[in-house]
Amino acid sequence: MQGLDFPLFKTKSDVYKKFDLSDAKSRQEYFEYKCGPEIKKLREYLQNNTFIAYLMGKKSSGKGTYSKMFAEIVAPDKVAHFSIGDMIRSFDEVIQDAGKRKEIVEFLEKNYRGRIPLEEVMKSWDNRSTKTLLPTELILALAKKEIAKLGRKAIFIDGFPRDIDQVSYSLFFRDLINYREDPDVFALIDVPTSVIDERVKFRVICPLCNASRNLKLLATKKVEHENGKFHLICDNAGCPGSRMVTKEGDEQGIEPIRARLEKDEMLVKEAYNLKGIPKILLRNTIPVEETKNTADDYEITPEFVYSVDSSGKVVTTEKAWEVKDDSGTTSNSLMPPPVVGSLIKQLVQVLGL
């Protein structure tokens, strides 16, 4: 991310041992090998303690993936991923039901505190588009209600802060949800715009089961070739298999969300410069010339390349995916596990374990 210093985090092991990071069991072994002592410390800490981590990064930067993988590896029953966006979408449906709407309004009458009258808030909520942000005070009240349902867990907050005024609010968020004495931390994610662009442009979905893959970055076992184009065939369990298609609009890449990405980057920079709260800095890419000394080969995101042999069969090969980062440096993108490994090790340091 231009203007910010996200240092390289070395995940390369002194003794090379290869793991299949797409397999859950092998992934668990990978984490124990790469950061076993740190995982043990976190598990012991979470027996009687919690923390609040604000995940901040551009849209589609991997916030949900990283936090859910952290929970999977460290302590699934002690760690929760809480998405503000998911919460709002769930309430968008709830308020259409008269009975449930009445319950929400009664809750807000007791808990909402804001400049805009609640009646006006509810009217604008009914008519809002997905691009319209709800008042911060409303989001805080709803988040307090929903987080209370989770029980006492360490929480990764995904999607807050979402606006400039919310950056300051986040410093007092733990007080609001009764985590007053628990450590809080910003986990800032640096993912180049080019990475997000190709994730979107090459994304395909199955018209039968809605499984998602990526023609360039996440191939299926079967690939077809027709009229000069390659097509993935869905291999999702339980699906009869269908040619996967590009979702309408995805061919534009990041263009429809460019303004959102620019705003997200601005928010990360604001959080980076805030005082009084520790920061964990997670980077998705490594300059190509640094890759061999920083990461093991299987930790690099592969790019799938297709060709047709003399018999007409499609042949799939892999190579290290290369992209330009936001400063124009040719880089390799990391798979999620090494980024989560960095998160684990930095969190141990932040918590003083």
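The values are calculated or read from the model by the stated rules, or taken from the named source; none is laboratory data. In this text, all values refer to a predicted model and were calculated from it rather than measured experimentally. FYI the Cβ positions are ideal-geometry reconstructions off the backbone, even for glycines, and counts take in every protein chain you see.
Has segment 50-67 got at least one residue that is among the aliphatic types (A, V, I, L, M), at pLDDT 90 or above, in contact with a Lys or Arg (Cβ under 6 Å, 6 or more places away or on another chain) and closer than 23 Å to Gly159 by Cα?
Yes; the residues of segment 50-67 include at least one that is among the aliphatic types (A, V, I, L, M), at pLDDT 90 or above, in contact with a Lys or Arg (Cβ under 6 Å, 6 or more places away or on another chain) and closer than 23 Å to Gly159 by Cα.
Run down Met266, Met335 and say which single residue is of a type in the set (A, V, I, L, M) and in contact with a helix residue (DSSP H, G or I) (Cβ under 6 Å, 6 or more places away or on another chain). Full working, then the answer.
Working: Met266 fails: in contact with a helix residue (DSSP H, G or I) (Cβ under 6 Å, 6 or more places away or on another chain).
Criteria check complete, one pass: Met335.
If the Cβ limit is 7 Å and pairs must be 6+ apart or interchain, which residue in segment 197-218 that is within 20 Å of Ser333 (Cα to Cα) pairs with which residue that is assigned to a helix (DSSP H, G or I)?
Val200/Asp250; Lys201/Asp250; Lys201/Glu251; Arg203/Asp250; Asn214/Arg199; Lys216/Glu198; Leu217/Arg199
Among (1) exposed (fewer than 15 other Cβ atoms within 10 Å of the Cβ); (2) under 22 Å from the mean Cα position of the chain (by Cα), which single condition is Ile257 missing?
So Ile257 meets the others, but not (1).
Just the residues that are assigned to a loop (DSSP other than H, G, I, E, B) and surrounded by 17 or more Cβ atoms within 10 Å (Cβ to Cβ), please, taken from segment 227-241.
In the first step, residues of segment 227-241 are kept if they are assigned to a loop (DSSP other than H, G, I, E, B); the result is 227-228, 234-241.
Answer for segment 227-241, where residues must be assigned to a loop (DSSP other than H, G, I, E, B) and surrounded by 17 or more Cβ atoms within 10 Å (Cβ to Cβ): Cys234, Asn236.
Quick check on this structure: which one of Ser327, Ser333, Ser342 is under 17 Å from Pro192 (Cβ atoms), part of a strand (DSSP E or B) and in contact (Cβ under 8 Å) with a residue 40 or more places away in the chain?
Being under 17 Å from Pro192 (Cβ atoms), part of a strand (DSSP E or B) and in contact (Cβ under 8 Å) with a residue 40 or more places away in the chain holds for just one of Ser327, Ser333, Ser342, which is Ser333.
Residue by residue, here is whether (1) closer than 30 Å to Lys313 by Cβ; (2) modelled with pLDDT of 90 or more holds:
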residue: Asn214; (1), (2): yes, yes
residue: Leu218; (1), (2): yes, yes
residue: Ile233; (1), (2): yes, yes
residue: Asn236; (1), (2): yes, no
residue: Cys239; (1), (2): yes, yes
residue: Arg243; (1), (2): yes, yes
residue: Gly253; (1), (2): no, yes
residue: Pro256; (1), (2): no, yes
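For segment 1-54, which residues satisfy the criterion of being over 23 Å from Phe186 (Cα atoms) and part of a loop (DSSP other than H, G, I, E, B)?
Lys12, Ser13, Asp14, Val15, Tyr16, Lys17, Lys18, Phe19, Asp20, Leu21, Ser22, Asp23
From the list Val185, Val200, Val195, pick out the single residue that is under 30 Å from Gln47 (Cβ atoms), surrounded by 17 or more Cβ atoms within 10 Å (Cβ to Cβ) and β-branched (Val, Ile, Thr).
Working: Val200 fails: under 30 Å from Gln47 (Cβ atoms); Val195 fails: under 30 Å from Gln47 (Cβ atoms).
Val185 is the lone residue from the list that is under 30 Å from Gln47 (Cβ atoms), surrounded by 17 or more Cβ atoms within 10 Å (Cβ to Cβ) and β-branched (Val, Ile, Thr).
Tell me which residues, restricted to segment 57-80, are under 19 Å from Leu351 (Cα atoms) and under 12 Å from the mean Cα position of the chain (by Cα).
Tyr66, Ser67, Phe70
For segment 253-294, what are the residues that are farther than 12 Å from Phe186 by Cβ and among the small types (Gly, Ala, Ser)?
Gly253, Ala259
Can you tell me which of (1) within 24 Å of Arg199 (Cα to Cα); (2) surrounded by 18 or more Cβ atoms within 10 Å (Cβ to Cβ) is the one Phe31 doesn't meet?
Of everything listed in (1) within 24 Å of Arg199 (Cα to Cα); (2) surrounded by 18 or more Cβ atoms within 10 Å (Cβ to Cβ), Phe31 misses just condition (1).
Can you name every residue in segment 297-321 that is surrounded by 16 or more Cβ atoms within 10 Å (Cβ to Cβ) and either in contact with a Phe, Trp or Tyr (Cβ under 7 Å, 6 or more places away or on another chain) or assigned to a strand (DSSP E or B) (or both)?
Those that are surrounded by 16 or more Cβ atoms within 10 Å (Cβ to Cβ) and either in contact with a Phe, Trp or Tyr (Cβ under 7 Å, 6 or more places away or on another chain) or assigned to a strand (DSSP E or B) (or both): Tyr298, Ile300, Thr301, Pro302, Glu303, Phe304, Tyr306.
For segment 70-84, name all the residues that are in contact with a Leu (Cβ under 9 Å, 6 or more places away or on another chain), assigned to a helix (DSSP H, G or I) and not β-branched (Val, Ile, Thr).
The one that is in contact with a Leu (Cβ under 9 Å, 6 or more places away or on another chain), assigned to a helix (DSSP H, G or I) and not β-branched (Val, Ile, Thr): Phe70.
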